[in-house]
Amino acid sequence: MSHVQLCVNVDHIATLRQARGGNEPDPIQGAIICEEHGAAGITVHLREDRRHIQDHDVYALRKVVKGKFNLEMALSDEIIDIALKVKPDQVTLVPEKRQEITTEGGLDVKTHFKRICEIVSLFHQENILVSLFIEPDEEAVKLSKESGADFIELHTGTYCNAREKDDIEKQKNKLFHAAKIATTIGIRVNAGHGLNYINTAPILRMPGLEELNIGHSIISRSIFTGLGNAVSEMVRIINENK
Ligand code: PXP
């Protein structure tokens, strides 16, 4: 059996809610359904522009999430203050640009190294795990370890966007190589972004892989199958492809 765990990103439930400005669909109810159907945790991104998840969602999720509650956030003082109040189990530091449709790439750990080290120690004082969302790049993995972070989350977006067989293999190898370095130097491994019902299975044997953060494909499928079925199907894929 695979030990890889699924954390479902429920941002897009909030995206739909914000389209009408009302209360439905409710990401909190979505989080409960995801956990009931085998998700080991829930991930949300509290963006500076609050385009989907709102502050009240984060406080409410802290109360209902039974597994790991993972809060994605930019290197932003405002969001850090909120995270320190909410106390999720884990924060994942991500780059954030206002114009982007979704997170576009990994964190520039080298440029922001000092700031990242400060943030890591701030969260460690509160016993909150810290993960850094990075490209599958050797230097970024090593600097992540040096920063004191507990996890890297390898950005799988380039692998997911690859269309030619050779390129898919090349991008997959990059992920596996970065994960191998991480396990060798002793930093834990998560992965995510762009994963779906087809491209997830081939990366499940990445060295040391513990958690996958998957959102868009699961919430999209849920429109047709219901959220419980969409989560169960992804859990089945993960468990059958050890
Ligand atoms: N991991 C990180 C760091 C992300 O920013 C996102 C998107 O919010 C995801 C995983 C999930 O990506 P997707 O919605 O494409 O599954």
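Overview of results
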read-out: Meets criteria (within 16 Å of the ligand (Cβ to nearest atom), modelled with pLDDT of 95 or more, open to solvent by 30 Å² or more (accessible area, probe 1.4 Å) and of a type outside the set (S, T, N, Q)) for residue 71; value: no
read-out: Options 145, 114; residue that is open to solvent by 30 Å² or more (accessible area, probe 1.4 Å) and either in contact (Cβ under 8 Å) with a residue 24 or more places away in the chain or β-branched (Val, Ile, Thr) (or both); value: 145
read-out: Scan of segment 211-231 for residues that are surrounded by fewer than 16 Cβ atoms within 10 Å (Cβ to Cβ) and either under 21 Å from residue 70 (Cβ atoms) or of a type outside the set (Ser, Thr, Tyr) (or both), ordered by number; value: 220, 223, 224, 226, 228, 229
read-out: Contacts under 7 angstrom Cβ, first residue in segment 229-242 being free of Cβ contacts under 8 Å to residues at least 24 places away in the same chain, partner among the basic types (Lys, Arg), 6 or more apart; value: 230/221
read-out: Subset of segment 193-207 that is surrounded by 17 or more Cβ atoms within 10 Å (Cβ to Cβ) and more than 8 Å from the ligand (Cβ to nearest atom) - its residue that is nearest to residue 5 (Cα to Cα); value: 204
read-out: Long-range neighbours under 9 Å by Cβ, at least six apart or interchain, first residue under 12 Å from residue 141 (Cα atoms) within segment 165-186, second among the small types (Gly, Ala, Ser) and open to solvent by less than 60 Å² (accessible area, probe 1.4 Å); value: 175/191; 178/140; 179/191; 179/208; 180/208; 182/144; 182/208; 183/208
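Each row is one residue, and each column tells you yes or no for (1) of a type in the set (Lys, Arg); (2) closer than 17 Å to residue 153 by Cα; (3) within 16 Å of the chain's Cα centre (by Cα).
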site	(1), (2), (3)
175	no, yes, yes
188	yes, yes, yes
200	no, yes, yes
212	no, yes, yes
217	no, no, yes
223	no, no, no
228	no, no, no
231	no, no, yes
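The values are calculated or read from the model by the stated rules, or taken from the named source; none is laboratory data. Just so you know, these numbers come straight off a predicted model, no measurement behind them. Positions of Cβ are generated from backbone atoms using ideal geometry, with glycine treated the same way; all protein chains shown enter the neighbour counts. Note: areas computed on protein heavy atoms with side chains; ligands, DNA, RNA excluded. Shrake-Rupley method; radii C 1.70, N 1.55, O 1.52, S 1.80 Å.
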